[in-house]
Amino acid sequence: MNSANSQDKKYSAGIALGYIPASDASVYLGRDINQWVDREPSLIFEINAGYRISDFFKAGVYFEKENAKLKLVNSEQETINRWAVGMQWMGNYPNYFIQWQFGGYTGFGLANYSVDNVGFSGLDYGIITGPAYEKDKLGVAFHLHAGFVTYSGSDIPEEFSMHDLRLFLKLYYIF
Amino acid sequence: MKSIKALSITLLFLGVNTLKAQEGKHTFGLSYNVEKDESSIYLNEPNNVWAELQPSLGMQLFYYYNLNTYMKFGSYLEMTKAKIETYRTSNYDASRWNFGVQCLGKYPDWYVFIQGGAYVSAAIANSDQWDDSFSGLDYGIILGPAAEYKGFGIALHVHAGYSILNSYGSEPVKMWLHDRRLYLKLYYTY
(Lines give C-alpha, C1' and ligand atoms only; values in the text may rest on other atoms or scores of the structure.)
Protein backbone atom coordinates (compact mmCIF):
# COMPACT_ATOMS: atom_id res chain seq x y z
CA MET A 1 0.00 0.00 0.00
CA ASN A 2 2.73 2.40 0.90
CA SER A 3 5.05 1.39 -1.89
CA ALA A 4 7.02 3.35 -4.43
CA ASN A 5 5.37 5.63 -6.94
CA SER A 6 5.04 4.49 -10.49
CA GLN A 7 7.55 6.11 -12.82
CA ASP A 8 5.21 5.99 -15.82
CA LYS A 9 3.33 9.10 -14.69
CA LYS A 10 5.60 11.94 -15.69
CA TYR A 11 3.45 15.05 -15.54
CA SER A 12 1.42 16.88 -12.93
CA ALA A 13 -0.86 19.90 -13.05
CA GLY A 14 -2.41 21.54 -10.04
CA ILE A 15 -3.92 24.47 -8.26
CA ALA A 16 -3.07 25.86 -4.84
CA LEU A 17 -4.63 28.24 -2.40
CA GLY A 18 -2.32 29.94 0.07
CA TYR A 19 -2.72 31.90 3.26
CA ILE A 20 -0.25 34.59 4.26
CA PRO A 21 -0.57 35.44 7.97
CA ALA A 22 -0.25 38.96 9.35
CA SER A 23 3.30 40.03 10.09
CA ASP A 24 4.99 43.10 11.47
CA ALA A 25 7.38 45.16 9.35
CA SER A 26 7.71 42.53 6.63
CA VAL A 27 7.22 44.85 3.65
CA TYR A 28 9.77 47.53 2.81
CA LEU A 29 8.77 50.53 0.72
CA GLY A 30 12.10 52.11 -0.24
CA ARG A 31 13.15 55.45 -1.62
CA ASP A 32 11.67 57.90 -0.80
CA ILE A 33 9.14 56.46 1.62
CA ASN A 34 11.62 54.35 3.63
CA GLN A 35 9.04 52.53 5.70
CA TRP A 36 8.80 49.00 7.03
CA VAL A 37 5.12 48.27 6.74
CA ASP A 38 2.97 45.71 8.57
CA ARG A 39 0.90 43.39 6.47
CA GLU A 40 -2.59 42.07 7.09
CA PRO A 41 -3.61 38.44 6.45
CA SER A 42 -4.19 37.76 2.77
CA LEU A 43 -4.76 34.96 0.26
CA ILE A 44 -2.63 33.86 -2.67
CA PHE A 45 -3.61 31.68 -5.62
CA GLU A 46 -1.27 29.49 -7.67
CA ILE A 47 -1.43 27.30 -10.78
CA ASN A 48 1.45 24.89 -11.31
CA ALA A 49 2.66 22.21 -13.69
CA GLY A 50 5.49 19.77 -13.14
CA TYR A 51 7.58 17.15 -14.90
CA ARG A 52 8.79 14.18 -12.84
CA ILE A 53 12.47 13.69 -13.62
CA SER A 54 12.85 10.71 -11.29
CA ASP A 55 11.07 9.03 -8.38
CA PHE A 56 12.65 11.60 -6.07
CA PHE A 57 12.76 14.82 -8.07
CA LYS A 58 10.47 16.97 -10.19
CA ALA A 59 10.70 20.39 -11.79
CA GLY A 60 8.07 22.68 -13.24
CA VAL A 61 6.55 26.10 -13.65
CA TYR A 62 4.07 28.18 -11.66
CA PHE A 63 1.91 31.25 -11.91
CA GLU A 64 0.69 33.01 -8.80
CA LYS A 65 -1.46 35.99 -7.92
CA GLU A 66 -1.90 37.76 -4.61
CA ASN A 67 -3.41 40.90 -3.17
CA ALA A 68 -1.16 41.90 -0.27
CA LYS A 69 -2.92 44.13 2.24
CA LEU A 70 -0.61 46.67 3.88
CA LYS A 71 -1.11 48.86 6.90
CA LEU A 72 0.84 52.08 6.54
CA VAL A 73 1.63 54.40 9.46
CA ASN A 74 -1.15 57.02 9.78
CA SER A 75 -2.87 55.67 6.74
CA GLU A 76 -5.73 53.56 5.57
CA GLN A 77 -5.17 49.98 4.50
CA GLU A 78 -3.49 49.82 1.10
CA THR A 79 -3.02 46.93 -1.29
CA ILE A 80 -0.28 45.63 -3.56
CA ASN A 81 -1.44 43.37 -6.39
CA ARG A 82 1.29 41.00 -7.43
CA TRP A 83 1.60 38.45 -10.25
CA ALA A 84 4.56 36.15 -10.67
CA VAL A 85 5.60 33.44 -13.08
CA GLY A 86 8.61 31.20 -12.61
CA MET A 87 10.05 27.77 -12.13
CA GLN A 88 10.06 25.50 -9.13
CA TRP A 89 11.78 22.25 -8.30
CA MET A 90 11.10 19.73 -5.57
CA GLY A 91 12.58 16.60 -4.13
CA ASN A 92 10.59 14.07 -2.14
CA TYR A 93 11.57 11.42 0.36
CA PRO A 94 10.72 8.64 0.83
CA ASN A 95 9.20 7.46 -2.43
CA TYR A 96 5.96 6.45 -0.72
CA PHE A 97 2.43 7.68 -1.08
CA ILE A 98 3.05 9.77 2.00
CA GLN A 99 6.21 11.77 1.61
CA TRP A 100 8.06 14.90 2.62
CA GLN A 101 8.78 17.41 -0.12
CA PHE A 102 11.54 20.00 -0.15
CA GLY A 103 12.50 22.40 -2.92
CA GLY A 104 12.73 25.94 -4.16
CA TYR A 105 11.27 28.45 -6.56
CA THR A 106 12.42 31.48 -8.44
CA GLY A 107 10.38 33.72 -10.68
CA PHE A 108 9.76 37.09 -12.23
CA GLY A 109 7.05 39.23 -10.73
CA LEU A 110 5.06 42.38 -11.40
CA ALA A 111 3.35 44.40 -8.69
CA ASN A 112 1.05 47.35 -8.58
CA TYR A 113 0.77 49.61 -5.53
CA SER A 114 -2.72 51.02 -5.01
CA VAL A 115 -1.40 54.44 -3.95
CA ASP A 116 -0.78 56.45 -7.13
CA ASN A 117 -0.90 53.23 -9.15
CA VAL A 118 2.87 52.73 -8.92
CA GLY A 119 4.30 49.67 -10.72
CA PHE A 120 7.23 47.46 -9.78
CA SER A 121 8.96 44.44 -11.27
CA GLY A 122 11.67 42.10 -10.06
CA LEU A 123 12.68 38.76 -8.69
CA ASP A 124 10.96 36.25 -6.38
CA TYR A 125 12.77 33.39 -4.71
CA GLY A 126 12.34 31.06 -1.78
CA ILE A 127 12.11 27.55 -0.44
CA ILE A 128 9.22 25.07 -0.38
CA THR A 129 8.80 22.36 2.23
CA GLY A 130 6.00 20.21 3.59
CA PRO A 131 4.18 16.87 3.55
CA ALA A 132 2.30 15.45 0.58
CA TYR A 133 0.06 12.47 -0.17
CA GLU A 134 -0.21 10.88 -3.59
CA LYS A 135 -2.63 8.12 -4.52
CA ASP A 136 -3.20 6.93 -8.07
CA LYS A 137 -3.58 10.09 -10.15
CA LEU A 138 -4.28 12.55 -7.38
CA GLY A 139 -2.01 14.41 -5.01
CA VAL A 140 -2.52 16.76 -2.11
CA ALA A 141 0.25 18.73 -0.40
CA PHE A 142 0.47 21.11 2.52
CA HIS A 143 3.45 23.34 1.81
CA LEU A 144 5.22 26.19 3.52
CA HIS A 145 6.79 28.71 1.15
CA ALA A 146 9.38 30.96 2.81
CA GLY A 147 10.54 33.55 0.36
CA PHE A 148 11.69 36.96 -0.59
CA VAL A 149 10.45 39.47 -3.14
CA THR A 150 12.78 42.22 -4.36
CA TYR A 151 11.22 44.59 -6.87
CA SER A 152 12.09 48.05 -8.19
CA GLY A 153 10.24 50.72 -10.13
CA SER A 154 10.70 54.15 -11.65
CA ASP A 155 8.26 56.06 -9.43
CA ILE A 156 8.12 56.64 -5.68
CA PRO A 157 8.65 54.34 -3.90
CA GLU A 158 11.44 53.05 -6.13
CA GLU A 159 11.90 49.85 -4.15
CA PHE A 160 9.52 47.24 -2.84
CA SER A 161 10.76 44.21 -0.96
CA MET A 162 8.85 41.70 1.08
CA HIS A 163 9.68 38.58 3.01
CA ASP A 164 6.84 36.29 3.81
CA LEU A 165 5.77 32.86 4.95
CA ARG A 166 2.91 31.31 2.98
CA LEU A 167 0.91 28.22 3.83
CA PHE A 168 -0.38 26.46 0.73
CA LEU A 169 -2.93 23.72 0.25
CA LYS A 170 -2.15 22.17 -3.15
CA LEU A 171 -4.19 19.76 -5.20
CA TYR A 172 -2.69 18.19 -8.29
CA TYR A 173 -3.43 15.65 -10.94
CA ILE A 174 -0.73 13.21 -12.07
CA PHE A 175 -0.74 11.77 -15.59
CA MET B 1 32.45 7.98 -45.61
CA LYS B 2 31.60 11.38 -44.25
CA SER B 3 28.28 10.13 -42.92
CA ILE B 4 30.00 7.18 -41.15
CA LYS B 5 32.45 9.64 -39.58
CA ALA B 6 29.61 11.90 -38.46
CA LEU B 7 27.72 8.90 -37.09
CA SER B 8 30.82 7.69 -35.23
CA ILE B 9 31.37 11.13 -33.68
CA THR B 10 27.69 11.34 -32.70
CA LEU B 11 27.80 7.87 -31.13
CA LEU B 12 31.04 8.72 -29.33
CA PHE B 13 29.49 11.96 -28.01
CA LEU B 14 26.36 10.13 -26.89
CA GLY B 15 28.51 7.40 -25.36
CA VAL B 16 30.53 9.90 -23.37
CA ASN B 17 27.71 12.24 -22.54
CA THR B 18 24.86 9.83 -22.04
CA LEU B 19 23.36 8.26 -18.94
CA LYS B 20 25.96 7.51 -16.31
CA ALA B 21 25.87 4.73 -13.78
CA GLN B 22 24.98 6.06 -10.36
CA GLU B 23 27.43 4.06 -8.30
CA GLY B 24 28.59 6.50 -5.64
CA LYS B 25 26.22 7.12 -2.77
CA HIS B 26 28.26 9.61 -0.74
CA THR B 27 29.53 13.03 -1.77
CA PHE B 28 32.00 15.16 0.17
CA GLY B 29 32.98 18.64 -0.93
CA LEU B 30 34.45 22.01 -0.27
CA SER B 31 33.40 25.37 -1.64
CA TYR B 32 34.42 28.99 -1.61
CA ASN B 33 31.89 31.75 -2.00
CA VAL B 34 31.90 35.46 -2.64
CA GLU B 35 29.29 38.18 -2.27
CA LYS B 36 29.52 41.58 -3.90
CA ASP B 37 28.96 44.77 -1.93
CA GLU B 38 25.39 45.93 -1.49
CA SER B 39 23.03 47.26 1.16
CA SER B 40 21.73 43.88 2.12
CA ILE B 41 21.75 43.88 5.93
CA TYR B 42 19.03 45.53 7.96
CA LEU B 43 19.96 46.27 11.57
CA ASN B 44 16.77 46.94 13.46
CA GLU B 45 16.01 48.61 16.79
CA PRO B 46 17.46 50.98 17.72
CA ASN B 47 19.88 51.40 14.79
CA ASN B 48 17.25 51.11 12.08
CA VAL B 49 19.75 51.21 9.23
CA TRP B 50 20.53 49.30 6.07
CA ALA B 51 24.17 48.39 6.48
CA GLU B 52 26.52 48.12 3.55
CA LEU B 53 28.09 44.68 3.18
CA GLN B 54 31.58 44.96 1.69
CA PRO B 55 32.71 42.15 -0.68
CA SER B 56 33.01 39.11 1.56
CA LEU B 57 34.39 35.57 1.37
CA GLY B 58 33.10 32.35 2.84
CA MET B 59 33.98 28.67 2.95
CA GLN B 60 31.68 25.66 3.13
CA LEU B 61 32.16 21.97 3.84
CA PHE B 62 29.32 19.74 2.72
CA TYR B 63 28.16 16.15 2.55
CA TYR B 64 25.37 14.66 0.43
CA TYR B 65 23.74 11.25 0.39
CA ASN B 66 22.68 10.42 -3.17
CA LEU B 67 19.08 9.21 -3.01
CA ASN B 68 19.21 8.33 -6.69
CA THR B 69 20.69 9.58 -9.94
CA TYR B 70 18.77 12.83 -9.83
CA MET B 71 18.43 13.76 -6.18
CA LYS B 72 20.70 14.12 -3.18
CA PHE B 73 20.24 15.33 0.36
CA GLY B 74 22.84 16.38 2.90
CA SER B 75 24.23 18.80 5.43
CA TYR B 76 26.75 21.62 5.47
CA LEU B 77 28.91 23.79 7.67
CA GLU B 78 29.75 27.28 6.48
CA MET B 79 31.85 30.16 7.74
CA THR B 80 31.68 33.68 6.33
CA LYS B 81 33.88 36.69 7.09
CA ALA B 82 32.45 40.07 6.18
CA LYS B 83 33.06 43.76 6.59
CA ILE B 84 30.04 45.89 7.40
CA GLU B 85 29.66 49.63 7.15
CA THR B 86 26.83 51.93 8.22
CA TYR B 87 26.51 55.70 8.08
CA ARG B 88 27.19 55.66 11.83
CA THR B 89 30.26 53.44 11.74
CA SER B 90 33.29 52.82 9.57
CA ASN B 91 34.14 49.31 8.35
CA TYR B 92 34.04 46.67 11.01
CA ASP B 93 34.52 42.90 10.94
CA ALA B 94 31.75 40.39 11.42
CA SER B 95 31.54 36.64 11.00
CA ARG B 96 28.74 34.13 10.55
CA TRP B 97 28.56 30.37 11.09
CA ASN B 98 25.88 28.20 9.53
CA PHE B 99 25.03 24.56 10.07
CA GLY B 100 22.13 23.12 8.15
CA VAL B 101 20.60 20.77 5.63
CA GLN B 102 20.35 21.07 1.87
CA CYS B 103 18.93 19.12 -1.04
CA LEU B 104 19.90 19.20 -4.67
CA GLY B 105 18.31 17.82 -7.83
CA LYS B 106 19.83 17.79 -11.28
CA TYR B 107 18.85 17.50 -14.92
CA PRO B 108 19.81 15.93 -17.29
CA ASP B 109 21.87 12.93 -16.18
CA TRP B 110 24.88 13.88 -18.25
CA TYR B 111 28.39 14.92 -17.33
CA VAL B 112 27.29 18.54 -17.57
CA PHE B 113 23.95 19.45 -16.00
CA ILE B 114 21.94 22.06 -14.09
CA GLN B 115 21.35 21.65 -10.37
CA GLY B 116 18.49 23.17 -8.37
CA GLY B 117 17.92 22.85 -4.65
CA ALA B 118 17.37 24.56 -1.33
CA TYR B 119 18.95 24.96 2.08
CA VAL B 120 17.83 25.65 5.65
CA SER B 121 20.25 26.22 8.50
CA ALA B 122 20.81 27.56 11.97
CA ALA B 123 23.07 30.63 12.00
CA ILE B 124 25.19 32.52 14.50
CA ALA B 125 26.72 35.93 13.70
CA ASN B 126 29.32 37.80 15.76
CA SER B 127 31.07 41.14 15.78
CA ASP B 128 33.01 43.17 18.35
CA GLN B 129 30.68 46.07 17.53
CA TRP B 130 27.59 44.27 18.79
CA ASP B 131 26.62 43.78 22.42
CA ASP B 132 25.86 40.12 21.88
CA SER B 133 25.91 37.55 19.09
CA PHE B 134 22.93 37.01 16.78
CA SER B 135 21.30 33.66 16.20
CA GLY B 136 18.47 32.51 13.99
CA LEU B 137 17.50 30.89 10.73
CA ASP B 138 18.87 31.01 7.17
CA TYR B 139 17.05 29.65 4.16
CA GLY B 140 17.27 29.95 0.40
CA ILE B 141 17.61 28.36 -2.99
CA ILE B 142 20.58 26.87 -4.84
CA LEU B 143 20.84 27.01 -8.62
CA GLY B 144 23.60 26.57 -11.18
CA PRO B 145 25.60 24.38 -13.57
CA ALA B 146 27.86 21.49 -12.58
CA ALA B 147 30.08 18.93 -14.26
CA GLU B 148 31.13 15.47 -13.03
CA TYR B 149 33.68 12.98 -14.28
CA LYS B 150 34.86 9.76 -12.63
CA GLY B 151 33.60 10.75 -9.20
CA PHE B 152 35.01 14.27 -9.26
CA GLY B 153 32.65 17.21 -9.56
CA ILE B 154 32.78 20.96 -9.97
CA ALA B 155 29.81 23.32 -9.64
CA LEU B 156 29.18 27.03 -9.95
CA HIS B 157 26.15 27.82 -7.84
CA VAL B 158 24.16 30.89 -6.88
CA HIS B 159 22.68 30.79 -3.38
CA ALA B 160 19.86 33.32 -2.98
CA GLY B 161 18.61 33.42 0.56
CA TYR B 162 17.39 35.20 3.59
CA SER B 163 18.44 35.31 7.26
CA ILE B 164 16.33 36.27 10.23
CA LEU B 165 18.60 36.72 13.26
CA ASN B 166 17.90 37.96 16.77
CA SER B 167 20.16 39.11 19.58
CA TYR B 168 19.67 39.25 23.32
CA GLY B 169 22.02 42.25 23.57
CA SER B 170 20.81 45.82 23.87
CA GLU B 171 21.55 46.96 20.33
CA PRO B 172 20.88 46.08 17.60
CA VAL B 173 18.34 43.40 18.51
CA LYS B 174 17.30 42.19 15.06
CA MET B 175 19.19 41.59 11.84
CA TRP B 176 17.71 40.68 8.48
CA LEU B 177 20.04 39.72 5.71
CA HIS B 178 19.22 38.92 2.13
CA ASP B 179 22.18 37.72 0.22
CA ARG B 180 23.01 36.33 -3.18
CA ARG B 181 26.32 34.51 -3.09
CA LEU B 182 28.34 32.88 -5.85
CA TYR B 183 29.88 29.49 -4.94
CA LEU B 184 32.62 27.49 -6.59
CA LYS B 185 32.25 23.91 -5.33
CA LEU B 186 34.59 20.97 -5.67
CA TYR B 187 33.43 17.53 -4.60
CA TYR B 188 34.09 13.83 -4.77
CA THR B 189 31.50 11.05 -4.95
CA TYR B 190 32.27 7.46 -3.96
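The values are calculated or read from the model by the stated rules, or taken from the named source; none is laboratory data. This structure is a prediction, so every number in the text was calculated from the model and none was measured. All Cβ positions, glycine included, derive from the backbone under ideal geometry; neighbour counts span all protein chains shown.
Data overview
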{"read-out": "Residue within segment A:88-107 that is under 14 Å from the mean Cα position of the chain (by Cα), under 17 Å from A:PHE160 (Cβ atoms) and part of a strand (DSSP E or B) present", "value": "yes"}
{"read-out": "Those residues of segment B:46-73 which are part of a strand (DSSP E or B), within 14 Å of chain A (Cβ to nearest Cβ) and surrounded by fewer than 20 Cβ atoms within 10 Å (Cβ to Cβ), in sequence order", "value": "B:VAL49, B:TRP50, B:TYR65, B:ASN66, B:ASN68, B:PHE73"}
{"read-out": "Residue match in segment A:152-165 (condition: under 30 Å from B:THR69 (Cα atoms) and surrounded by 14 or more Cβ atoms within 10 Å (Cβ to Cβ))", "value": "no"}
{"read-out": "Lone unmet requirement of (1) farther than 23 Å from B:ASP37 by Cβ; (2) crowded, with 21+ Cβ neighbours inside 10 Å; (3) away from chain A (no Cβ under 14 Å); (4) among the charged types (D, E, K, R) for B:LYS106", "value": "(3)"}
{"read-out": "Residues (assigned to a strand (DSSP E or B) and of a type in the set (Val, Ile, Thr)) located in segment A:108-125", "value": "A:VAL118"}
{"read-out": "Residue match in segment A:63-85 (condition: surrounded by 14 or more Cβ atoms within 10 Å (Cβ to Cβ) and within 12 Å of chain B (Cβ to nearest Cβ))", "value": "no"}
{"read-out": "Single match in A:TYR133, A:TYR93 (criterion: among the aromatic types (Phe, Trp, Tyr) and more than 10 Å from chain B (Cβ to nearest Cβ))", "value": "A:TYR133"}
{"read-out": "Sole residue being surrounded by 15 or more Cβ atoms within 10 Å (Cβ to Cβ), at pLDDT below 95, touching a strand residue (DSSP E or B) at 6+ places or on another chain (Cβ under 7 Å) and within 14 Å of chain B (Cβ to nearest Cβ), chosen from A:SER26, A:SER42", "value": "A:SER26"}
{"read-out": "Close pairs from segment A:104-128: first touching a residue at least 40 places away in the same chain (Cβ under 8 Å) and under 13 Å from A:ASN81 (Cα atoms), partner among the β-branched types (Val, Ile, Thr) and buried (at least 21 other Cβ atoms within 10 Å of the Cβ), Cβ under 7 Å, at least 6 apart", "value": "A:GLY109/A:VAL149; A:ALA111/A:ILE80; A:TYR113/A:ILE80"}
{"read-out": "Checklist (1) in contact with a Gly (Cβ under 7 Å, 6 or more places away or on another chain); (2) closer than 17 Å to B:TYR64 by Cα applied to B:ASP132, failing item", "value": "(2)"}
{"read-out": "Segment B:149-180: number of residues that are at pLDDT below 95 and over 27 Å from A:LEU144 (Cα atoms)", "value": "8"}
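Matching residues to (1) buried (at least 20 other Cβ atoms within 10 Å of the Cβ); (2) over 26 Å from B:ILE84 (Cα atoms):
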site: B:TYR111; (1), (2): no, yes
site: B:SER133; (1), (2): no, no
site: B:ILE142; (1), (2): yes, no
site: B:PRO145; (1), (2): no, yes
site: B:GLU148; (1), (2): yes, yes
site: B:GLY161; (1), (2): yes, no
site: B:ILE164; (1), (2): no, no
site: B:ARG180; (1), (2): no, no
